[in-house]
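In what follows, a single structure is set out as structure tokens and then discussed.
The values are calculated or read from the model by the stated rules, or taken from the named source; none is laboratory data. In this text, all values refer to a predicted model and were calculated from it rather than measured experimentally. Here the Cβ positions follow ideal geometry from the backbone for every residue, glycine too, while neighbour counts run over all protein chains shown. We work out accessible area using only protein heavy atoms, side chains counted, and drop any ligands, DNA or RNA first. Shrake-Rupley method; radii C 1.70, N 1.55, O 1.52, S 1.80 Å.
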Amino acid sequence: MRPMREQLTVRGLIIGALGSVIITTSSVYVALKLGALPWPVFFVALFSLFALKLLGNTNINEVNVTHTAMSAGSMVAGGLAFSIPAICMLYPDSMPSLGTIMLCAVAGVLLGLVFTLFMRKRFIEDNDLAYPIGHGAAEMLQASDEGGHAAASLFGAMGVSALFAVLRDVFGAIPVMLFSKVRIPGVSFGVYCSLMTIGMGFMIGVVSVGVWFLGALIGNLGIMIGGVAAGLWDVESASAIKSSLGIGVMIGSGLGIVIKAVVGIIKDGRGNRGGNPDVKSFRAWRWAPIAVALAAAVCAFALHLGIVVSVLIVGLSWILVSVAAQSVGQSGVSPMEVFGIIALQVIQLVCHTTGVPALLIVAVVAVACGLTGDVMNDFKAGHMLGTDPRAQWVSEVVGACIGAVVASIAVFALISAYGPTAFGGEGQFVAAQASAVASMVGGIPNLPAFIVGVVVGAVLYLMGAPVLMLGLGIYLPFYLSLTAAIGAVVRVVCDHLPFDAVKGDSGMVIASGLLGGESIVGVILALVAVISGVAG
């Protein structure tokens, strides 16, 4: 193993910090716009490799530590984006301040960092879980270490995507939607002119997007068009059934993940009771209790949730972070907002917590569980590459803290720029996960459809089906599903072309660039709108 000073470097932390700002802001936009958030590990690994190679005299462990800092803020952004907009939907006159959003992020980051540290050795070394995202990132770094062609492709695609977004959103030279004049009651038909959405469909792949599009057909062709035409219900009732069923399937798939992960943890506990958390190598006992106490104090006093609720948040976060770590290790999936909802519902059995405070609970736990997925993926990649976990963890702290600040500002800026009506349903930002959170707090539009969705989602997930994508397809506007499907078709075509530059990993790099360029432009435009409003 290389000396720690060759892995954790000042230049690496600077690059990681700057990259964290970019990745975090773009992740907020992607999460709200598409109702999904891909893991950023591949993107940031190439970014770090390219940047450090330009500076010269680097090594794969320095790259690994640098991209660890760079990716941390993305899942913090997801935790906030999947929860805070629910306040817009339910309580538009009680919008949280920037300070409140930032306190939720800080509390979640503290809990995620502390609890993840205690389970690194168990899940990464003792149980040797797969962590497919972290494993893939390590493999990619090893393969890309010798050349910078992939990085050049990535930044070229980012530039094209950013220019496309500027031409569309600033100058109006490109229409936002194609075929939008096709009118179908209750169905948002069209093709979204978005390289980001096409890139997302390309990255997700044919099978998952196929399930996504199947959900769209069920929700729109089946419930909205077929059900109304057959006289089973009117358009308004069909819309309630469609959204409730989609949300139910998403929640059900999350419950399936929880059930599967808990069963795995119980089995592991029987076979390996030692546990032996990775504490001494980090001397965690010196600061971990302080960090947990600080997180509890933030929840109790700064967020005004009370002492009992705050203690429950800490205890439930420990359990749910463990489940999230197991879930990501086994499947690569972490439905952070579902974990937040579960925490809220358990707390509501003990304390009568409603309104905005209930949604703040979801935000704290979602941030903690989201960050867990990123931390554990990075630790897996580091373990494969022989990186010192202490160097990675310091880098993770830097990236997560920056992410907490940047994600809070980005979420607040988007809410301030577009207003509360822009989130959910047919708004500019579909915010699918936040809509699920809002439905669980504010009531389900159609309870029977929701129950059916939960049962179907849980059962199908336990049977091994990618059912979360089915729920997204049922819930999301049809134009997004159709555009993502086009991206998947493009991938099939590219894989059969006689050009290596668009096949396999090379195609994934280009798709990542398309995703990043447009999303970064979107957040910049929102920030400009806020600044212009203040100046005016």
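Which residues' amide hydrogens lie under 5 Å from the amide hydrogen of residue 174, considering only partners 5 or more residues apart or on another chain, with H built in the peptide plane?
Long-range HN contacts for residue 174: 168.
Place the peptides 196-204, 347-355, 448-456, 482-490 in order of packing, highest mean first, counting for every residue the other Cβ atoms within 10 Å and averaging per peptide.
196-204, 482-490, 448-456, 347-355
Assuming a strict under-26 Å limit between Cα atoms, what lysine pair count do you get for the chain once near-sequence pairs (fewer than 8 apart, same chain) are dropped?
Summing the qualifying lysine pairs gives 13.
Please report the carbon-and-sulfur percent of the accessible area for the range 288-441; probe 1.4 Å, protein heavy atoms only, DNA, RNA and ligands left out.
71
Using a cut-off of 14 Å between beta-carbons, work out the net charge of the residues near residue 81 (Lys and Arg +1, Asp and Glu -1, residue 81 not included).
0
Determine one quarter of the surface area of the Cα convex hull of the chain, which equals its mean projected area, and express it in nm² to one decimal.
Averaging across all directions leaves 24.7 nm² for the Cα convex hull.
How high is the relative contact order of the chain, in percent, with contacts defined as C-alpha pairs under 8 Å that are six or more residues apart?
Averaging sequence separation for qualifying contacts and normalising by length gives 36 percent for the chain.
HN-Hα J couplings of the range 128-134 from phi, Karplus 6.51/-1.76/1.60, θ = phi - 60°, integer Hz, Gly and Pro as x?
Each residue's phi maps through the Karplus curve to give 6, 5, 5, 6, x, 5, x Hz.
Which one, 115, 437, 403, is farthest towards the positive end of the dipole of the chain when Lys and Arg carry +1 and Asp and Glu -1 on their Cβ?
Toward the positive end, the furthest listed residue is 115.
Spelling out what I want: for every residue of the range 173-184, take phi, set θ = phi - 60°, compute 6.51 cos²θ - 1.76 cosθ + 1.60 (Karplus), and round to whole Hz; glycine and proline get x.
6, 10, x, 6, 9, 9, 6, 6, 7, 6, 9, 10
Just want the answer: with Cβ charges of +1 for Lys and Arg and -1 for Asp and Glu, which residue in 466, 377, 418 is farthest toward the dipole's positive end in the chain?
377
For residue 522, what is the net charge nearby, where nearby means another residue's Cβ is under 12 Å from its Cβ and Lys, Arg count +1, Asp, Glu -1?
Result for the local shell: 0.
Give the average over all directions of the projected area of the C-alpha convex hull of the range 8-138, one decimal, in nm².
Average of the hull's projected areas for the range 8-138 equals 9.4 nm².
Sort 395-403, 370-378, 212-220 by packing, meaning the average of other beta carbons within 10 Å per residue, with the highest value first.
Packing proxy ranking, top to bottom: 370-378, 395-403, 212-220.
Pull up all non-local amide H partners of residue 184: gap of 5 or more, or a different chain, and H-to-H distance under 5 Å with H placed in the peptide plane.
Distant-sequence amide H within range of residue 184: 189.
Compute the Cα gyration tensor for the range 71-176, then decide on rounded, prolate or oblate, letting a ≥ b ≥ c be the square roots of its eigenvalues: rounded whenever a/c is under 1.5, prolate when a/b is larger than b/c in the other cases, and oblate in all that remain.
In terms of gyration-tensor shape, oblate.
Quick one: Karplus J couplings for the range 84-92, per residue in order, coefficients 6.51, -1.76, 1.60, θ = phi - 60°, nearest Hz, x for Gly and Pro?
Karplus values, whole Hz, x for Gly and Pro: 4, x, 4, 5, 4, 6, 9, 9, x.
Using a 1.4 angstrom probe, figure out how much accessible area the chain has per residue, in square angstrom, rounded to the nearest whole.
Per residue, the chain has an accessible area of 38 Å².
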